[in-house]
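First up is the structure itself, then whatever we jot down about it.
All of the numbers you see were taken from the coordinates with simple rules; none came from a lab. Here the structure is a predicted model, which is why all the values come from computation and not from measurement. Quick reminder, even Gly has a Cβ in these numbers, built from the backbone with ideal geometry, and neighbours come from all protein chains shown.
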Amino acid sequence: MIIYKKTQEISDWLRIEAKNAKTIGFVPTMGALHEGHLSLIEVSKKENDLTVCSIFVNPTQFNNPSDFEKYPTTLENDIYLLEKAGCDILFLPQKDEIYPDGFLKKNYTLGYLENIFEGKYRPGHFQGVCMVVDRLLDIVSCHTLYLGRKDYQQCLVLQKMTNEFHPNVFIKTCETKRTENGLAMSSRNLRLNETERKTAEVLFKCLSQIKNEANHQSLDLLLNSASDEIVGAGFDIDYLAVTDEALIEITHLTKGEIYVVLVAATINNIRLIDNLIFTAL
Ligand code: AMP
């Protein structure tokens, strides 16, 4: 695996040395890598001649400074895991490579997506996400961008951003990797102690109950009882909802349509998100 820290060097390499690669897959991350990230690398490797991963903890997408400061970093292990996974290139920039002096901020038109769910609870978050991925895509010219469905709203937002600014980049979303008890893998799980990690399994349990019962029971009742269970376990809930594919909340299901049940909840100042996608019977 080649590691580049400088924007110019990776751009030049991809333009000159990699010109024979028919397809390049790109997996942007914030590090503290786990099997979820590695599953994106694996899919990209299967589908492309070259796979590029980036690790950059992007300050502009953190609305909460302490969340940014406490974001886990495990760089040595990340490099080891990426080597083992067969990643070809790692881009490891410092902040001034991504946001050099004179960097011009854009304002991304994200419509309602900016103000609901993650957008509502993390003001400015999606502008920051778009800013960094837009910039990374300028540097790493790729064919396909690999994203995890764990961050469902982020996938919709980045589809909107790429439609406008990188229309030739194809987005592929990949399924959420979980522990054997269902907890969605997340870098933030490193901050949970053993008890909290066990407690956090309630999120997947409740999402699964809603998904499995949604065809037979009132959504309101299901959401209320799941919410009681999650709060009872010690979480504060930001949201728990059932929506259509576009993240518009719904009150009843229509056969054959695709829905998302999604949650964001905090325990001991550690905020976790998860979702399940299902088709109404
Ligand atoms: P992050 O490092 O959290 O910014 O995540 C980098 C990419 O990995 C994003 O596209 C995430 O959606 C994806 N990702 C994070 N957790 C998982 C997971 N458990 N399963 C699959 N993809 C994931």
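Worth a mention:
- Long-range tail of P(r) for the chain (Cα pairs > 32 Å, %): 25
- The range 1-136, Rg to Rh (Cα coordinates; Rh as Kirkwood inverse mean 1/r): 0.98
- Taking one quarter of the surface of the convex hull spanned by the alpha-carbon atoms of the range 103-241 gives a direction-averaged projected area of 10.3 nm².
- To the nearest ten degrees, helix 125-139 and the longest principal axis of the Cα atoms of the chain are 30 degrees apart.
- The relative contact order of the range 187-274, computed from alpha carbon pairs under 8 Å that lie at least 6 residues apart in sequence, is 29 percent.
- For the residue pairs LYS105/LYS177; LYS6/LYS105; LYS22/LYS172, the alpha carbons lie more than 23 Å apart in LYS105/LYS177.
- Projected label distance in nm at GLU180 and GLU164, using a 7 Å step from Cα toward the beta-carbon: 4.6
- For LYS177, the residues whose modelled amide H falls within less than 5 Å of its own, excluding neighbours fewer than 5 places apart on the same chain, are MET185.
- Principal axis dimensions, the range 165-281 - Cα atoms, whole angstrom, descending: 42, 39, 25
- The range 94-128: chymotrypsin sites (Phe, Trp or Tyr not before Pro) in DSSP coil with no more than 10 other Cβ atoms inside 10 Å: PHE103
- Using a cutoff of 8 angstrom between alpha carbon atoms and counting only pairs six or more residues apart, the relative contact order for the chain works out to 17 percent.
- Of the residues SER186, SER227, PHE117, the one whose Cα sits farthest towards the positive end of the charge dipole of the chain is SER186 (charges of +1 on Lys and Arg Cβ, -1 on Asp and Glu Cβ, taken about the Cα centre).
- Dividing the Cα radius of gyration of the range 215-277 by 2.2 N^0.38 Å, with N the residue count, gives 1.17.
- Antiparallel bridge percentage (DSSP; both residues within the chain; nearest 5): 50
- Inter-centroid distance (Cα atoms) of the range 1-27 relative to the range 147-195, Å: 23
- Packing rank of 44-50, 176-182, where each peptide gets the mean count of other beta carbons within 10 Å, highest leading: 44-50, 176-182
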